[in-house]
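This report concerns only the one structure given below.
The values are calculated or read from the model by the stated rules, or taken from the named source; none is laboratory data. Nothing here was measured: the structure is a model prediction, and the numbers come from that model. These area figures cover heavy atoms from the full protein model, side chains too; ligands, DNA and RNA do not enter into them. Shrake-Rupley method; radii C 1.70, N 1.55, O 1.52, S 1.80 Å.
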Amino acid sequence: MTGVTQLLAKSLEKTMLKNLGENTVHKIQDRLFERYGISITQSMEEFEKLDSVLREFFGAGAEGLERKFLESLCSIKSKKDQTQKRFTISEPSIGQSILKAYSDDEASKILNASIGESWTILEMLEKLQIPQTSGYRKVNSLIEDGLLIKDGHEISTSGRKTDKYKSLFDNVEIDIKNNKVTVNVQFTQNVIDQSPILQTVYRI
């Protein structure tokens, strides 16, 4: 599962439950599994399959529902500048997850050092002079949250393959006003191209 999908999937399922109710979401889940053998969370990687099932249930109204669901998670900040694809994170729990990561000194260093450049975990920790015990814990937490994503690997002289990671974001702006957190993020085009969710958000 890609970083973006990992970041948004749980919140999307929660939004669907809030808007459609548990009974309807269970029926959608059952139909997804029956037709494609996947869960709602897994369908985030293949959004057209979720779209197909939603259209089966709601007809043309599915498009409006998808727009509502996705805009509750994130939206395009501006479509005017095509080179700067900035998204505003709308879902508070996702914003808090990003804020928490950037409020942690070691996690923030890791994310900033890996913008546009991929490293093995050991390279990251050595470069940033972060102790391995706490560093591996922080890196694994960032990977689990979808904030660090796999980006290739390197092969040692002994033939061992080690994964490399980079930040999900090219840029992050966090604004706190009256206890309200607004998070604007910029993804690389490569991340957008590989994410059916972001492509759908960008079209609506």
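Calculate how steeply helix 3-20 sits against the longest principal axis of the alpha-carbon atoms of the chain, using the helix alpha-carbon long axis, and give the answer as 0 to 90 degrees to the nearest 10.
The angle comes out near 30 degrees.
Leaving out ligands, DNA and RNA, and with a 1.4 Å probe, what % of the accessible surface on the chain is carbon or sulfur?
For the chain, the apolar C and S fraction of the accessible surface comes to 46 percent.
Apply the Karplus parameterisation 6.51 cos²θ - 1.76 cosθ + 1.60, with θ equal to phi minus 60°, to every residue of segment 143-155 and state each ³J(HN,Hα) to the nearest whole Hz, in sequence, with x for glycine and proline.
5, 4, 7, x, 8, 10, 10, 5, 8, x, 7, 10, 10
Return the long-range amide H neighbours of residue 147 (sequence gap of 5 or more, or a different chain), with a cut-off of under 5 Å between placed amide H atoms.
It is none; the list stays empty.
What are the semi-axes of the equivalent ellipsoid of segment 95-169, taken as the square roots of 5 times the eigenvalues of the Cα gyration tensor, listed largest first and rounded to whole Å?
21, 13, 10
Let's test this: bin the Cα-Cα distances of segment 1-57 at 10 Å from zero up to the farthest pair and state each bin's percent.
25, 59, 16
Anything over 32 Å Cα to Cα? Flag those among 49/109; 150/177; 18/161; 109/161, in the order listed.
49/109; 150/177; 18/161
Can you give the convex hull volume of the alpha carbon atoms of the chain per residue, in Å³?
Normalising the Cα hull of the chain by residue number yields 144 Å³.
May I ask you to give the solvent-accessible area per residue for the chain, in square angstrom, as obtained with a 1.4 angstrom probe?
54 Å²
Can you compute the helix-only [θ] at 222 nm over the chain? Use -39500 (n - 2.57) per DSSP H run of at least 4 residues, normalise by all residues, nearest 500 deg cm²/dmol. Could you put the intermediate results ahead of the total?
Values: 11 runs with 115 residues, N = 204.
Helix-only estimate at 222 nm: -17000 deg cm²/dmol.
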